[in-house]
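Notes for the one structure printed next.
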Amino acid sequence: MLQQTDRAPAREREELPAFLGVERSATGRRWMARLADDNAALAMAQRHDLPDALARLLAARGVSPEDAPAHLNPTLKTWMPPPSAVQDMEKAAHRLADAIMGGERIGIIGDYDVDGVTSSAMLADFLERHGAAPLVHIPHRVADGYGPSVKAVDELAEAGAQVLVTLDCGAMAHDVLEYAAGRGFETIVVDHHQMGTALPRAHAVINPNRADDESGLNHLCAGGLTFMLLAATARELHRKGHVAERPDVLGYLDLVALATVCDVMPLKGLNRAYVRQGLQVLARRHRPGLAALMDMARAGRAPDAYTLGFILGPRINAAGRVGHAREAYELLRARDMTTAQRLAAHLERLNRERQELEGMLLEQAIGQAEHQLERRGRSVILVHGEDWHPGVLGLVAARLKERFNLPAIALGVDAATGLATGSARSVSGVDIGRAVARAVAEGVLCKGGGHAMAAGMACPAASIGAFHEFMNEALAAELASVPEYPHLKVDAVLTASGASRALLERIEAAGPFGAGNPAPMFAFAAHRLQWVDVVGEKHVRCTLKAGDGSSLRAIAFRAVDTPLGEALLNARAGRTWHVAGRLQRDDYNGRNGVQLHIADIAPHE
């Protein structure tokens, strides 16, 4: 599996010279070369006849010359291992196939986020297509809480379920799964959150984070694991003669891609193959719910990772945050456009409500965080408030993390019970999930779990201070390597004339870009800014002019009243600037060109 290698300890990287000499940009960042060893890029370019810019971004992401062809053309055939590679995968597939063939009723408990809902939709659809009638329970975030519950087990048992499958949850639900076993359930757990060495009582526990799992697939989300389980079960059904031909499960890849991106899984190896091929499935619009949701959001362009993470994901998550995630599940299972359009419109309304709630809480949270950092210095941010809506706490934590470049925790205190529950989000290099698991093990938290970049937790309100101190101590060493201001990591230098559509298409082959495979950042050295003006309400557009007379259209989105926007709008005529940004297609009015989405600028000294 490919490993990302572009992050080095902050102190070590500070010793490297600033890229293009930019020590402090308009946004307050120090520019750094993402690639430390130019020889790796040179070997890549020569061996595969690649453009220098493409070779540099591949080498910076840990791709070896030998792996370059597979990276540029990620396929399931190349990256998906046999079921036996994942602990208990074959065991679970055998049990599911037997349940389908034997007419046993299968109960499903899925989490209420995108990963859990898409996993539930995939499994339920697969079971129905093979003659089973699954019973699906999606918990309510507030009323039921995270993961399987005694109430859900009882409801499924009374409805006749005999086999239980938990999706994106269950790995730490020891008490509930013990109870389920007492009610006669054989349970299959499909989860990817960090867990202890003790396994819950279950027929099979699929989780690459198991201590005895050597698959190396702990970068997969539940959706990716569920897809593997369906593929393995399809093979079993064919092998046992239940179906004449092995069922095709590739049509579920749109849901797998959605789960992978929205759960912020690193886009490397199998995940890149999932998302690359999943986007192709999504573009065919065969799933009415996702097609209706894209139409509702006016997502007119060909779907990409942005479509998954910033258009579809927030709207699907809105159901679980301020409504009921069951509504998102029903959207994904909709069979006709009329039903899908009605449900999509409802999710659009919930998303607007979610945005309003988030804005209200974020204002309070930023005030708390700033006061805290004044007193403590750089540390784990922990904010809390009475009756803060639990559905938006993860978003508040994410916004604080982005604003301060520190791990952030947001807790809401239930005034009636005195219980504080919430979410955490972390920065690269700081494993928040491991620290939360330790806090549970040492009795600092009532419950909690997650992975490196995100976690959930609960504790008595009176223990919030102790929890904060514990997290600061547990993460002190990792926090020491986090820079006060994020560096801007640059992949290569281009000129306006070199930023061609042909180059962009070659670069796109290294995508999809996202977590673990950051979008390429290019610098345009010593270019002039011409025709700078405001477009729309908050965007700043301009043209970059190179010394050879070539030009490139550019835009800085939502930049008005920001340091970047001010620098662009006040740029002195005739002065040259270093400009950094991401190249994007420019197909407006049939142009078939490229434009630069500006991320930062600095004066050319």
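The values are calculated or read from the model by the stated rules, or taken from the named source; none is laboratory data. The model shown is predicted, which means the values in this text are computed figures rather than measured ones. Don't worry about glycine lacking a Cβ; one is built from the backbone with ideal geometry, like all the others, and counts go over all protein chains shown.
In table form, for the structure just shown:
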{"quantity": "Hits in segment 510-530 - residues which are of a type in the set (Gly, Ala, Ser), closer than 18 Å to PRO51 by Cβ and not in a strand (DSSP E or B)", "calculated": "ALA510, GLY511, ALA519"}
{"quantity": "Residue selected from segment 297-316 under the condition among the aliphatic types (A, V, I, L, M) and surrounded by fewer than 20 Cβ atoms within 10 Å (Cβ to Cβ), by the criterion nearest to ASP586 (Cα to Cα)", "calculated": "ALA302"}
{"quantity": "Given (1) of a type in the set (S, T, N, Q); (2) over 25 Å from VAL63 (Cα atoms); (3) surrounded by fewer than 24 Cβ atoms within 10 Å (Cβ to Cβ); (4) in contact with a helix residue (DSSP H, G or I) (Cβ under 7 Å, 6 or more places away or on another chain), index of the condition THR226 fails", "calculated": "(3)"}
{"quantity": "Residue in segment 317-347 that is surrounded by the most Cβ atoms within 10 Å (Cβ to Cβ), counting only those that are under 22 Å from the mean Cα position of the chain (by Cα) and over 20 Å from TYR252 (Cα atoms)", "calculated": "ALA319"}
{"quantity": "Tabulated pairs, segment 565-594, first assigned by TED's automatic domain parsing to the domain that holds ALA496, second acidic (Asp, Glu) and crowded, with 20+ Cβ neighbours inside 10 Å, C-beta under 6 angstrom, 6+ apart or interchain", "calculated": "ALA580/ASP600"}
{"quantity": "Selection count where residues are crowded, with 21+ Cβ neighbours inside 10 Å, over 22 Å from the mean Cα position of the chain (by Cα) and more than 19 Å from ASP248 (Cα to Cα), scope segment 100-123", "calculated": "3"}
{"quantity": "Any chance ALA526 is touching a strand residue (DSSP E or B) at 6+ places or on another chain (Cβ under 8 Å), farther than 30 Å from LEU217 by Cβ, in contact (Cβ under 8 Å) with a residue 12 or more places away in the chain and crowded, with 21+ Cβ neighbours inside 10 Å", "calculated": "no"}
{"quantity": "Filter pass, ASP38 being over 24 Å from LEU225 (Cα atoms) and among the acidic types (Asp, Glu)", "calculated": "yes"}
{"quantity": "Residue among ALA211, ALA231 that alone is over 18 Å from ILE109 (Cα atoms), of a type outside the set (Ser, Thr, Tyr), in a loop (DSSP other than H, G, I, E, B) and outside the structural domain of GLY450 (by TED's automatic domain parsing)", "calculated": "ALA211"}
{"quantity": "Subset of segment 533-552 [crowded, with 17+ Cβ neighbours inside 10 Å and either outside any strand (DSSP E or B) or in contact with a helix residue (DSSP H, G or I) (Cβ under 8 Å, 6 or more places away or on another chain) (or both)]", "calculated": "VAL540, CYS542, ALA546"}
{"quantity": "Test for GLY300: is it free of Cβ contacts under 8 Å to residues at least 24 places away in the same chain and over 19 Å from the mean Cα position of the chain (by Cα)", "calculated": "yes"}
{"quantity": "Spans of helices (runs of 4 or more DSSP H) in segment 310-421 with at least 1 residues closer than 20 Å to ALA454 by Cα, among the small types (Gly, Ala, Ser) and at pLDDT below 95", "calculated": "313-322, 393-404"}
{"quantity": "Leading residue by the ranking (farthest from the chain's Cα centre (by Cα)) among those in segment 553-604 that are closer than 22 Å to SER500 by Cβ and part of a loop (DSSP other than H, G, I, E, B)", "calculated": "ARG591"}
